[in-house]
Each structure stands twice: as structure tokens, then as C-alpha cells.
Amino acid sequence: MAGEMTDAHSVVETIQPAITLLGLGIAAALGSRALRLNPIVGYLGMGLGLSSLGMAGDFSGSVVAAMAEAGVMFLLFNLGLHFSLGRIRAEASNIFGFGSLQMIVAGGAFSALFWAFGLPPTFAVIAGFGMGLSSTAVVIGLVRERG
């Protein structure tokens, strides 16, 4: 009986951060919708808030990492559902022209910001352009929302 309780407690400890993040994610999405913002903005705000409060370490582990990977996969899948080959061909100049410009501007701005905060230049560029990719997802969501 004691072994079963230990196993159950271990399972709860493993999935508790994932359940908490899911609840916080729902709250962030509802809050951002109430402010008439894209839910992605709410998710980014929630992540920044947890990180600034020093709680990011509470949400590490294999279950949370798997959720993050699945989230990226579903985001890309969702984006793929909304783009047909014909639409990509029709909007190729916008996609590749403005998309590249947006990546250069956002990635460069984030890189400069990270470098200004004292991060090593190589890391600042990698993290900056990673954030630029995140901002691209926000921009795509906003454009899709507005038609």
C-alpha cells in the first residue's frame, strides 16, 4: 500500500507543473482576449511574468519540455492549415519581402537589447533572432485576426 501511494505521489509531482501551466495559459488567453489582444501576447506576458518572479525553474522537467515541443508543433500545424500553396504563390512578395524585413528588424532589435544587457554577442544574436521568430508568430496571428 505504501508503494502505491509513493507511485501516485510521484506521478502527481511529475504532472503538477504541466497542469499549473495549462491553467495559467488559459488565464493568460482569457485575459488577453478581454483586453482585445492576441492570446500569444498573453502567453508571452505570462512567461515573462513567471520568469521575472523567479518561478521559471518551477516549471522544468520532461513533461513541460514535451508540452513545449507539442505547442510549437501545433502552432506550425495551425499556420500550415491557413496557408495553401496558391496563397503562398500569390503573396510570395509579401511573405518573403516583409517577412524577411520583419525578422531582420525584430531580430536585430532583440539582439541589440540583449547585447546592451551585457550578454555575449554570439548569444545575444542567437537569442535575439529566436525572439524575432516569436514576434513573427505574434505578427502572423495579428494579421490573420484582422483579416
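The values are calculated or read from the model by the stated rules, or taken from the named source; none is laboratory data. Given the structure is predicted, the values throughout are model-derived calculations rather than measurements. Positions of Cβ are backbone-derived with ideal geometry, glycine not excepted, and every protein chain shown enters the neighbour counts.
Listed by first and then second residue, the pairs linking a residue in the range 98-115 that is farther than 13 Å from S134 by Cβ to a residue that is among the hydrophobic types (A, V, I, L, M, F, W, C), with Cβ atoms under 7 Å apart and 6 or more places separating them unless they lie on different chains, are S111/A124; S111/V125; S111/F129; F114/A124; F114/A127; W115/A124. Looking across the range 46-64, the residues that are surrounded by 12 or more Cβ atoms within 10 Å (Cβ to Cβ), under 23 Å from G132 (Cβ atoms) and among the small types (G, A, S) come down to G47, G49, S51, A56.
Every residue, every condition in (1) more than 16 Å from the chain's Cα centre (by Cα); (2) modelled with pLDDT of 80 or more; (3) of a type in the set (F, W, Y), yes or no:
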| position | (1), (2), (3) |
| --- | --- |
| A106 | no, yes, no |
| F114 | yes, yes, yes |
| A124 | yes, yes, no |
| T136 | no, no, no |
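Any residue at all in the range 25-45 that's over 18 Å from the mean Cα position of the chain (by Cα), in a helix (DSSP H, G or I) and either among the hydrophobic types (A, V, I, L, M, F, W, C) or surrounded by 11 or more Cβ atoms within 10 Å (Cβ to Cβ) (or both)? Within the range 25-45 (the criterion being over 18 Å from the mean Cα position of the chain (by Cα), in a helix (DSSP H, G or I) and either among the hydrophobic types (A, V, I, L, M, F, W, C) or surrounded by 11 or more Cβ atoms within 10 Å (Cβ to Cβ) (or both)), the answer is yes, since at least one residue qualifies. Within the range 46-66, being touching a Pro at 6+ places or on another chain (Cβ under 9 Å) and part of a helix (DSSP H, G or I) holds for D58, F59, V63, V64. Anything in the range 77-103 that is under 20 Å from the mean Cα position of the chain (by Cα), assigned to a helix (DSSP H, G or I) and exposed (fewer than 11 other Cβ atoms within 10 Å of the Cβ)? List them, or say none. Answer for the range 77-103, where residues must be under 20 Å from the mean Cα position of the chain (by Cα), assigned to a helix (DSSP H, G or I) and exposed (fewer than 11 other Cβ atoms within 10 Å of the Cβ): F77, G80, L81, S100. Among the residues of the range 104-125, those identified as among the aliphatic types (A, V, I, L, M) and surrounded by fewer than 15 Cβ atoms within 10 Å (Cβ to Cβ) are I104, V105, A109, A112, L113, A116.
The residues listed here are L50, L37, L44, L30; of these, the one that is in the same structural domain as I15 (by TED's automatic domain parsing), of a type in the set (A, V, I, L, M, F, W, C) and farther than 26 Å from L79 by Cα is L50.
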